[in-house]
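Worksheet: one structure, shown below.
The values are calculated or read from the model by the stated rules, or taken from the named source; none is laboratory data. Everything numeric here is computed off the predicted structure, so don't read it as measured data. FYI the Cβ positions are ideal-geometry reconstructions off the backbone, even for glycines, and counts take in every protein chain you see. Ligands, DNA and RNA are stripped out before the accessible areas are found, and what is left, the full protein with its side chains, is counted by its heavy atoms. Shrake-Rupley method; radii C 1.70, N 1.55, O 1.52, S 1.80 Å.
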Amino acid sequence: MWRHTPRDALLLAFSVAQFAVTILLAAGWDTAHAAGRPAAFVLLTAMTAYNIIVVSHLFTHAPWFTSHRLNALVSVLNSANIGQSVQAYHLTHVRNHHRFNNDAKGPDGTTRDTSSTYRDGVDGEHTPLLSYALGGALDSLADRARETLYTTRLWRVGERETALLPLVSRREPRRTRELRQVRADRAAHCLSLALFAAVSWQWTLFCYLPAFFTALTVVNVQNYYRHYGADPADRAADSVSHYGRLYNLLAFNDGYHQEHHLSPATHWSGLPAVRERHRALLESRPRIVSPVPAVLGFLHRRRPRLHHRGTSAGGTP
């Protein structure tokens, strides 16, 4: 049943619990106490951000089940949880980000990685944090709004979706299966939004949507500091790791990000072994190891700037 380990049941349990808690928050909004509403906002933001950063991210790289149908159901469930298609997340993240690894701008003046922190930067620098985090969240929110309009075609992937279609497999029947999954995922998050509004439109408008936007911003901050200051030209130093035991226990080894870049298909449980396997390589060159998780990367004040040519670095493991 489990493709890698029964411990993935913990991730599944979180997914189910998140959806149930979200419904309960919506149902209890009208009778919530004054302090309960801000708490609901914080909880919803944290669950959504954690799902995107940890749960759905791990699932896109290493699906939990041997059964395609069970994995399809998980994709639908978490599409409702994160307000976007998990299959589309897989396509853009695995087949774009992990192909080009947060690359710097090329001769054409742009990056091949559409989520690269250098994409809107100037003179070889990263995009400013606020622009990357808030601007990216606004772009994502606009994309989700457009997807609600795809109801008219029952959420089918359209011929003009030129950012998504090139990432879909060219081989059949895999291509058809992926496009069908994107469609099912879109239907799930759009119909779940309608369900939330039916339970409490006030909660949907004043809690869910602001929490969703805030979660997207937090995710962008996380991605920014997973790569900020790293060397995009060095395959073994193009991202930032954090080896804190508590964080990696709670976040299923999410801190092993350089190792994840070296071996994206490795299940989360195998990332410490990737570090050991590549220890000589990782220790042979300057790279960044953060003392704090990526979401708190702004606290890493003395972070080296390896993307500057000629920069001498610290931060070795």
For region 66-181, what is the convex hull (Cα atoms) projected area averaged across all directions, in square nanometres? 8.7
From the phi of every residue in region 296-307, what ³J(HN,Hα) in whole Hz does the Karplus formula 6.51 cos²θ - 1.76 cosθ + 1.60 yield, where θ is phi - 60° and glycine or proline is x? 10, x, 5, 7, 7, 5, 9, 5, x, 10, 5, 6
Rolling a 1.4 angstrom probe over the protein heavy atoms, how many square angstrom per residue are accessible across the chain? 49
Cα centre as origin, Lys/Arg/Asp/Glu Cβ charges: the chain dipole, Debye: 600
How tilted is helix 209-225 with respect to the longest principal axis of the chain? Cα atoms for both, answer in degrees (0 to 90, nearest 10). 10
Nitroxide proxy distance, nm - points 7 Å out along Cα→Cβ at residue 7 and residue 151: 4.3
Cα-centre dipole for region 12-161 with unit charges at Cβ (Lys and Arg positive, Asp and Glu negative), debye to 20: 480
Work out Dmax and Rg for the chain from the C-alpha atoms and quote the Rg first, both in angstrom. 19.7, 60
Descending semi-axes in Å of region 100-246, equivalent ellipsoid built from Cα gyration tensor: 31, 22, 15
How big is the dipole moment of region 105-163 about its Cα centre under a simple scheme where the beta carbon of each Lys and Arg is +1, that of each Asp and Glu is -1, and everything else is neutral? Debye, nearest 20, please. 320
Just the number, please: carbon plus sulfur as a percent of the accessible area of the chain, 1.4 Å probe, no ligands or DNA/RNA counted. 61
Among 239, 75, 169, which one moves the most in a GNM of the chain with springs linking Cα atoms closer than 10 Å? 169
In degrees rounded to 10, the 0-90 angle between helix 174-199 Cα long axis and the longest Cα principal axis of the chain is 60
Determine how large the accessible area of residue 284 is when every protein chain is in place; take a 1.4 Å probe and give Å² rounded to the nearest 10. 80
How much net charge surrounds residue 259 when only the other residues with a Cβ under 14 Å from the Cβ of residue 259 are counted, with Lys and Arg +1 and Asp and Glu -1? +2
